[in-house]
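**Q** Please find one structure pasted underneath; my questions will follow.
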Amino acid sequence: MDVQVRTDYHVNGDEGLIAHVEAEVSKGLEPFARRITSVQVHLTEESGARKGPPELRCVLEVRTTGRAPVVVTHRATTKDALLRGAISDMRTALERTFGRTDAPHIGGDTIRRPASPRR
């Protein structure tokens, strides 16, 4: 799984931050690693130069084999909360995506009552 991190000019994208983000994303999306080809992480600060707490936004884009990209957006005021929230949102999205396709449809359990025997 290839993880790419991009930041805007308001977020200090030093090597320490990039290494931390790559490690957290790899660890958080580990259950889906064999299905993921690449992950793009976009970190931006929406508040810019305004005063007050920063308004950070993280966009995670996951490309999987044979499917359209899955994208989630998460906002927070700290980088740790931002990253944890985005990874959690992506895990939920991937569980839904893969859960639908992995669910057995033919011959699975049903909520309908059994058919009455023919005479």
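The values are calculated or read from the model by the stated rules, or taken from the named source; none is laboratory data. Here the structure is a predicted model, which means the values were calculated and not measured. No Cβ is skipped: glycine too gets one built from the backbone with ideal geometry, and neighbour counts run over all protein chains shown.
**Q** Mind checking which residues of the stretch 1-49 are in contact with a strand residue (DSSP E or B) (Cβ under 7 Å, 6 or more places away or on another chain), of a type in the set (D, E, K, R) and surrounded by fewer than 16 Cβ atoms within 10 Å (Cβ to Cβ)?
**A** Selection gives ASP2, ARG6, ASP8, GLU46.
**Q** Within the set of pairs 6 or more residues apart or between chains, which connect a residue that is at negative phi and modelled with pLDDT of 75 or more inside the stretch 47-68 to a residue that is small (Gly, Ala, Ser) and in a strand (DSSP E or B) with Cβ atoms less than 8 Å apart?
**A** Partner pairs satisfying both residue conditions: LEU56/ALA76; CYS58/ALA76; VAL62/SER38; ARG63/SER38.
**Q** May I pose another question? Tally the residues that are of a type in the set (Lys, Arg) and closer than 16 Å to THR73 by Cβ, restricting the search to the stretch 1-44.
**A** Adding up the residues that qualify gives 1.
**Q** In this structure, is THR73 under 20 Å from PHE98 (Cα atoms) and loosely packed, with under 14 Cβ neighbours inside 10 Å?
**A** So THR73 passes the test.
**Q** For the stretch 1-47, what are the residues that are polar (S, T, N, Q) and not in a helix (DSSP H, G or I)?
**A** Of everything in the stretch 1-47, those that are polar (S, T, N, Q) and not in a helix (DSSP H, G or I) turn out to be GLN4, THR7, ASN12, THR37, SER38, GLN40, THR44, SER47.
**Q** Any chance the stretch 92-108 includes a residue that's at pLDDT 85 or above and either touching a Leu at 6+ places or on another chain (Cβ under 9 Å) or among the aliphatic types (A, V, I, L, M) (or both)?
**A** Yes, there is a match, as at least one residue in the stretch 92-108 is at pLDDT 85 or above and either touching a Leu at 6+ places or on another chain (Cβ under 9 Å) or among the aliphatic types (A, V, I, L, M) (or both).
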